[in-house]
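The values are calculated or read from the model by the stated rules, or taken from the named source; none is laboratory data. Small disclaimer: the values here were computed from a predicted structure and weren't measured. With ideal geometry, Cβ positions are generated from the backbone for all residues, glycine too; neighbour counts draw on all protein chains shown. What goes into the accessible areas is simple: the full protein's heavy atoms, side chains included, and nothing from ligands, DNA or RNA. Shrake-Rupley method; radii C 1.70, N 1.55, O 1.52, S 1.80 Å.
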Amino acid sequence: MTIAMPALYERVSRVVPKAEWLSYEDDVAAILALKKSRNAVILAHNYQTPEIFHGVADIVGDSLALARKAMEVEADVIVLAGVHFMAETAKLLNPEKTVLIPDMGAGCSLADSITPEDIALLRAAHPGVPVITYVNTSAAVKAASDICCTSGNARQVVESLGVPKVLMLPDEYLAKNVARETSVEILAWHGHCEVHELFTASDIHELRAAHPGIVVLAHPECPPDVVEAADFAGSTAVMSDYVGREKPGRVVLITECSMSDNVAVHHPDVEFVRPCNLCPHMKRISLKNIREALEHNRHEVTVDPAIAVAARRAVERMLAV
Ligand code: 13P
Ligand code: SF4
């Protein structure tokens, strides 16, 4: 079904000014036509800008939802509006499909913080301790691990292993935040998300003083004292569900900027206070380069077959938890 342009604008009118939308219409129309002619779908992470998230995406969500839904895709082409590890995960789960990322430079500070060689050294230092890697890692790192996790299922994955001690890599803060919720001992690495590490507990105290009654939701990639100062912590999808379920009068999402815009579209009665930390990697994706990706079949994401089997096993093991 084709959605008329005015109806599409109506979706985002609360967060995208009309004049700005007019500059997007040509690319939106071209992308909608290209999706049909190429039998393509667009998967978009919650941090994509609203004109992408609400304007052209077919499947949206957190890292866990994108991985799960990538398995069900029937199109020939998947365009990943997100960062490189997400596109690699989609390729691992759809080896026979064409997976495109509009900008190969869309990386992640967490994925860059650890290599398979680091994991080999950790295994040697902690023999027999299972390695859980966050999905924010390269396929090569996933292949060197026992199982993956996302911020939406990290505690369940830890507890599913039935062991007293695990290595959880590479996000130090996610590992420490999960450690507060479980009796399993968690050994961490020193990777950080360059967006979430910027938030401080004093930011939260200042927000509470400036906006009495505000509900503070934080992402578990934030430092533990930030999560402790918040009312609730969870993945991007869990935060979005919280707003839908609890309908707070006034809320702040301690995470990447675009997330509040995307959630606000569905909740006109909720006031969103928006401290803004942008992810420079997520922001490399635009309507322009999504259109070019579909027009020129670029940039194709491939995974070395020598590592794909082991990496897929780690992702599929997570999805089975
Ligand atoms: P989730 O959407 O899984 O919470 O991850 C957040 C993130 O930083 C992805 O890069
Ligand atoms: Fe990586 Fe953080 Fe950007 Fe997510 S927000 S892609 S974790 S740098």
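Below, the figures for the structure above:
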| item | result |
| --- | --- |
| Qualifying trypsin sites (Lys or Arg not before Pro) in the range 1-107, DSSP loop, other Cβ atoms within 10 Å at most 14 | 14 |
| Calculated from backbone phi, Karplus (6.51, -1.76, 1.60) coupling profile of the range 132-139 in Hz, x at Gly/Pro | 9, 10, 4, 5, 6, 8, 6, 4 |
| Separation of the residue 321 and residue 207 label points, Cα + 7 Å toward Cβ, nm | 2.6 nm |
| Local electrostatic count, residue 266, Cβ distance below 10 Å [Lys/Arg +1, Asp/Glu -1] | +2 |
| Share of alpha-carbon pairs per 20 Å distance bin for the chain, given as whole % | 33, 57, 10 |
| Paramagnetic reach from residue 295 in the range 1-38 [backbone N under 11 Å; point 7 Å along Cα→Cβ] | 27, 30-31 |
| Distance between the range 197-266 and the range 136-162 - C-alpha centres, whole angstrom | 24 Å |
| Shape metrics for the range 1-96, restricted to C-alpha atoms - Rg then Dmax, Å | 13.7, 41 |
| FRET efficiency, residue 245 to residue 277 (Cβ-Cβ, R0 30 Å, nearest 0.05) | 0.75 |
| Exposure rank, largest accessible area first [155, 250; 1.4 Å] | 155, 250 |
| Cut-off 20 Å, label 7 Å out along Cα→Cβ of residue 26, residues of the range 264-294 by amide N | 285-294 |
| HN-Hα J in Hz across the range 22-28 - Karplus 6.51, -1.76, 1.60, θ = phi - 60°, x for Gly and Pro | 4, 6, 9, 4, 4, 5, 4 |
| When each of 69/288; 36/69; 247/288; 142/165; 69/142 is checked by Cα-Cα distance, pairs over 23 Å | 69/288; 247/288 |
| Label point distance in nm, residue 76-residue 36, each placed 7 Å from Cα along Cα→Cβ | 1.6 nm |
| Largest-first ordering by accessible area, 1.4 Å probe, given options 62, 146, 241 | 241, 146, 62 |
| Within the chain, helix-based [θ] at 222 nm, where runs of 4 or more DSSP H residues each add -39,500 (n - 2.57), nearest 500 | -12500 deg cm²/dmol |
| For the range 1-144, with +1 on Lys and Arg beta carbons and -1 on Asp and Glu, the positive-most of 49, 115, 92 along the dipole | 92 |
| Fully extended contour minus Cα-Cα distance, from residue 225 to residue 190, at 0.36 nm per residue | 11.0 nm |
| Of 190, 154, 216, farthest towards positive along the dipole that unit charges on Lys, Arg, Asp, Glu beta carbons give the range 153-217 | 154 |
| The range 102-133-the range 29-98 distance, computed between alpha-carbon centres (Å) | 25 Å |
| Accessible area (Å², 1.4 Å probe, nearest 10) - residue 225 | 80 Å² |
| Solvent exposure ordering (accessible area, 1.4 Å, most first) of 235, 37, 13 | 37, 13, 235 |
| Surface per residue (accessible, 1.4 Å probe) for the chain, Å² | 41 Å² |
| Cβ-Cβ FRET estimate between residue 160 and residue 302, R0 fixed at 30 Å, reported to 0.05 | 0.50 |
